Amino acid sequence: MEMYLYIALFAPIVGSLFAALFGAQPKTPIVGYVTSALIFTSLVASTVLLGAVMDGEIVHVELMTWIAAGDFYVPFGFQVDQVTVIMMMVVTLVSTIVHVYSIGYMDHDKGYNRFFSYLSAFVFSMMVLVMSDNLLGLFIGWEGVGVCSWLLIGFWYHKESATWAANEAFIMNRIADLAMLIGIFLTYWSMGSVQYDVIFAEAQYIDHSTLVTIGIFLFIGAMGKSAQFPLHTWLADAMEGPTPVSALIHAATMVTAGVYLVIRCAPMYDLMPEVGYFIASLGAFVAMFAATMALVNRDLKRIIAYSTLSQLGYMFVAAGLGAYWVALFHLMAHAFFKALLFLGAGNVMHAMDSELDPVKMGGLFKVMKVTAILMIIASVALAGIWPLAGFFSKDKILEVAFSGEHYILWGTLWVTAGLTAFYSFRLIMLTFFGEERYKNFGFHPHEAYKYMLYAMSPLAVLAVIAGWFEHQFVDFVTQMLPTFEFHTHHVEMILILVTSAIALGGIITAIVMYRNGPLSTKWESQFAYKVLINQYYIPQIYEKFLVQPYRELSDIFWKQIDMKIVDASVDAIATTFYNTGEATRGMQSGNLSTMLKWMVAGLVILLTLAVAFSVGYIAIIG
Amino acid sequence: MEITLNHYLVLSTILFAIGLIGVMRRKNLLMLFFATEILLNSVNIGFAAISHYYGDLTGQMFAFFIIAIAASEVAVGLGLLVLWYKRNGSIDLDMMSTMKG
């Protein structure tokens, strides 16, 4: 099994390095095929590992020693258990599909080879993140995906907005990663190790306040990666990257790393329900907060990005309330239908010459039937309609909230479920139905390549059927994760009905409201619309109260401290030496007699010093 | 008056000072060699006197080494001096400034 583990882990990096060989060249078709084949290899190896783990075997290997200093020992260790193998399957499956899809999507791009190199490097980092058997290895993967995300958001680096978005994402993640690093340091400091098995066994014996501090710091790291409030603004801006990147990184895999961290640290978070409750509350808040922003947005990808944010909130509610397997289940289901939704949006973008405003589309169903059907499947799954994947996972999260008697959380999520259905179908209606407004703007849409659609079809199938395996899934992951006791058997059917009702209600409202195209522009002058379209003015607030003061502070530091103190003192040292040299160069007259005189002078000085010091030394000792 | 160690050391110091002044003041290369010899031998006096005072032969052995080194130094130095004189016709120190930067 070790061999399969190594294949699953290292096949993507081989692909990335291979693509990097052709990095500076224009499109080389073989790069796309080789990287896709290697990611597929990784998928096959992960499937073999899934079989092994299902048979009860947990694969744990130590590749080599990484850091060994005194008592501090960290190996390059990898572990494949129930949670990891689920993550590996999700990552490699979505990656394979996105790679194949990208062959078509990036067809005419100059950076074709570079794109595949970055994309495969991302998959490798993600595999390190999920497979590592210690926190430090996870952190390396964590940073790796951050770097690849930066590279890919800023892939079209000649665009000012893309580089800005890339930097924003990177810097926000840096802030969170600092907290995460502190969490890891604290873990080592209080438990003496960063290996999962050691710290989870140790966690119950250490001081509770220390444990809570560790939990909070690790969660701040998770907040950055999973774009939770207040570090959420980067995710919507990250949509500047190519759409396959949004599908893979900013929907299916990287942004769920935060949820993965909380699930992975389940034994620790189980010991501190107060932190868990905070996580759940924040999750519920973000779920609603993001959904409201998605209601009015006029950018296809940003709507889906807010939806991702909202669904991540759902996952955190489940994870925070101790229903770790539910969070993992929703993570998996969400990865499938959200990646599908993004890839569909990519097809629409391709058809519309990169136009993203659904108001300028309309009636695309006639020209893009397959894409439309795939996106409708994904949206129905996202809305949580029986019997698609989203129904099972989202319903369970609501049940979790209800079961713990957290009625406020439940209510928030319930309303959000309605909003989710509404904005998903607003998007569908504006894009695919109604009047063919794109004709007024001179677009000539066309369906995407056949193989791109074929590549998407497995996701569509999974978006439909993933929920049907709930019982097998529960049995499988609860071998490792704690089980969750539901106290809702008496109201289960009512909850399901109520949730489905609001989801259906949202869909129907959207269809009725948008059946004739976009609403009149009258209500765009209303306060609520303005707040939502401006993302609650949070980017402006950040700009005004954080970025501007920071810039001014940096200016002061640059002009006052750096230039007047640091630079000046360094310059002073240099000029002193220069002037001394200038003043003493007369000594080097080349005359032997003068040199001998200087030699004698030096001798006298040294002798005097030697005598003076020895006298002083004797005086002190004596 | 008995001659003590101090007398020898004073003699050594005086000779050293003479040698040092010679090294600094003289412009003739040959005179410079003489001054160097005086320096070396002043040290030899010091070595021999202290060696005798402590009854330890090491100092005297060292003095012999210095004599040998001084002899070889002078032998090489005089050879170079003669060669220099043949080539330039002068052994004035102030004329030897080809190394001036």
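Taking every residue in A:589-598 and counting other chain Cβ atoms within 10 Å of its Cβ, the average works out to 5. In percent, rounded to a whole number, the relative contact order of the stretch A:1-44 is 56, using alpha-carbon pairs under 8 Å and six or more apart. Cross-link partners for A:LYS559 among the aspartates and glutamates, with Cα-Cα distance under 19 Å and sequence neighbours closer than 8 places in the same chain left out: A:ASP567, A:ASP571. So for the stretch A:182-226, considering every pair of alpha-carbon atoms, how many percent are separated by more than 12 Å? Cα-Cα pairs of the stretch A:182-226 separated by over 12 Å account for 58 percent.
Figure legend: label point modelled 7 angstrom from the Cα of B:SER97 along Cα→Cβ; residues of the stretch B:13-27 with amide N under 20 Å from it are B:23-27. Take the Cβ atoms of A:TRP189 and A:GLU62, set R0 to 35 Å, and the FRET efficiency comes out at 0.90. Normalised Debye scattering of the protein assembly as shown at q = 0.05, 0.11 Å⁻¹ gives log10 I(q)/I(0) of -0.42, -1.13, counting only Cα atoms as equal scatterers and leaving out solvent.
Taking each DSSP H run with n ≥ 4 as -39500 (n - 2.57) and averaging over every residue of chain A yields -23000 deg cm²/dmol at 222 nm. For the stretch B:5-98, the relative contact order is 30 percent, taking Cα pairs closer than 8 Å that sit 6 or more residues apart in sequence and dividing their mean separation by the residue count. Where does the longest stretch of chain A lie that holds no GluC sites (Glu not before Pro) found in a DSSP loop with 14 or fewer other Cβ atoms within 10 Å? For GluC sites (Glu not before Pro) (loop position, at most 14 other Cβ atoms within 10 Å), the longest site-free span of chain A is A:58-404. The dipole here belongs to chain A: it is taken about the Cα centre, uses +1 on the Cβ of Lys and Arg and -1 on the Cβ of Asp and Glu, and is about 1900 debye. Placing pseudo-labels 7 Å out from each Cα toward the beta carbon at A:ASP109 and A:ILE556 gives an inter-label distance of 4.3 nm.
With 10 Å bins beginning at zero, the pair-distance distribution over Cα atoms of the stretch A:102-216 amounts to 13, 34, 27, 16, 9, 2 %. Once the Cα-Cα distance is subtracted from the 0.36 nm per residue extended length, the A:ILE171 to A:ASP571 segment shows a gain of 140.7 nm. Mind giving me the nanometre distance, one decimal, between the label points for A:VAL198 and A:GLU274, set 7 Å out from Cα along Cα→Cβ? For A:VAL198 paired with A:GLU274, the spin-label model returns 2.9 nm. Listed cross-link partners A:LYS360/A:LYS450; A:LYS338/A:LYS360; A:LYS369/A:LYS439; A:LYS225/A:LYS394; A:LYS27/A:LYS366 are compared with a 28 Å cut-off, the Cα-Cα value being larger for A:LYS27/A:LYS366.
Throughout, read-outs are computed from the coordinates displayed, never taken from laboratory work. None of the values given here were measured: they were computed from a predicted structure. With ideal geometry, Cβ positions are generated from the backbone for all residues, glycine too; neighbour counts draw on all protein chains shown.
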